[in-house]
Amino acid sequence: MPIITARGLTVEYPADGYVNRPIDGLDARIGDGTLSLLLGPSGCGKTTLLSCLGGLRRPTGGSLQVDGLELTDLSDGRLLDYRRRVVGYVFQSFNLIASLDALDNVAAPLASQGVRRRVARDRARRTLARVGMAEHMHRRPGQLSGGQQQRVAVARGLVHDPALLLADEPTANLDFVQAEAVITLLRSLAVPGRSVIVSTHDDRLLPIADEAINLRPAIDEIVEVAERRLADGEVLFHQGERGSAVYVVEEGAIAITRGDELLRTVGPGAYFGELGPMMGQPRSATARASGDTTVRLLTVQEFRNRSRHAALDSP
């Protein structure tokens, strides 16, 4: 049974004068008791999706349900209660308070919710023991290794027994040995009644995951329409959109703009739009026809082959 369902989920926000849309019409289901991965390069929307699941960011459109609760319909007060009751966080940079020992770092979220200090510390002790940090609970973050700090961070996210544990690149700052220990720990925490969702580009997590959501756009997909004709002023793509094609101007010209600034004009025989699909990033500019224009669409692989042949043919 899915605990999380996304339908047509879209998130967009203004950035440097244009609209960035890191998540565009996402459909996904995540089951109860699973370890699920959000995969893709930087900028593909992994952290944005975690923020939506954690109630820290509101989607622009679509539906996002957690255990039957529609997050897009919640008031600010109910969203705050959802974050406190349902969600636990594990951050890439640990975010531990340097002046507090491990025990008080883990107890801090409970104390902020009004739980009595003795009760909060007792629960923190049990949770630290669960993640293998019982012997280090009175050490401050500066006295712990990176892997130990991440275990404390996991304990802090786990201390209120959330149904949803969200981890943002939890192995990014760890060496192989430390990362392996944290991966094993996260796997053990995915049990009936609790789902663990990890954003990562670390392929070491794939063998132990139950599910994976690939947020990388398909960059080598077949382009069904190999040619497009554009009228004067017609937009080929907008800044912030995702795209899978590289374009070559056959006739006319394409104006490449960012906001009100004209970056360049592309004429016959020249190509443009290659960086977005090759790097898995949104379009960094808008492409608009300057006069009646015809462009040819290439897949990334076709573009690479064309570039390779051109390099071989050059003197």
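The values are calculated or read from the model by the stated rules, or taken from the named source; none is laboratory data. Values in this document were obtained by computation on a predicted structure and should not be read as measured data. Reconstructed Cβ throughout: ideal geometry from the backbone, glycine too, with neighbour counts over all protein chains shown. Note: areas computed on protein heavy atoms with side chains; ligands, DNA, RNA excluded. Shrake-Rupley method; radii C 1.70, N 1.55, O 1.52, S 1.80 Å.
For the reader, a short list of remarks on this structure follows.
- Figure legend. Inter-residue proximity from the range 96-122: first residues free of Cβ contacts under 8 Å to residues at least 40 places away in the same chain, second residues charged (D, E, K, R), beta-carbon distance below 7 Å, spacing 6+ or different chains. Indicated pairs: 101/139; 101/140; 103/121; 103/125; 111/117.
- Hits in the range 275-300 (condition: open to solvent by 50 Å² or more (accessible area, probe 1.4 Å), in a helix (DSSP H, G or I) and at pLDDT 75 or above): 275
- Just one of the listed residues (241, 224) is of a type outside the set (Gly, Ala, Ser), at pLDDT below 85 and surrounded by 13 or more Cβ atoms within 10 Å (Cβ to Cβ), namely 241.
- Some residue of the range 151-159 being surrounded by fewer than 19 Cβ atoms within 10 Å (Cβ to Cβ) and modelled with pLDDT under 95: no
- Each residue in the range 228-274 was checked for being assigned to a strand (DSSP E or B), free of Cβ contacts under 8 Å to residues at least 24 places away in the same chain and within 23 Å of residue 304 (Cα to Cα), and 2 pass.
- Flag for residue 271 being touching a helix residue (DSSP H, G or I) at 6+ places or on another chain (Cβ under 9 Å) and either closer than 23 Å to residue 301 by Cβ or of a type outside the set (Val, Ile, Thr) (or both): yes
- Matching strands (runs of 3 or more DSSP E) fully within the range 8-82 where at least 2 residues are surrounded by 16 or more Cβ atoms within 10 Å (Cβ to Cβ) and among the hydroxyl-bearing types (Ser, Thr, Tyr): none
- Flag for residue 87 being under 20 Å from residue 115 (Cβ atoms) and either open to solvent by less than 50 Å² (accessible area, probe 1.4 Å) or touching an Asp or Glu at 6+ places or on another chain (Cβ under 8 Å) (or both): yes
- If you go through the range 116-133 and keep only what is surrounded by 14 or more Cβ atoms within 10 Å (Cβ to Cβ) and of a type in the set (A, V, I, L, M), you end up with 120, 124, 128, 131, 133.
- Scanning the range 204-221 for residues that are at pLDDT 80 or above and part of a loop (DSSP other than H, G, I, E, B) yields 209, 210, 215.
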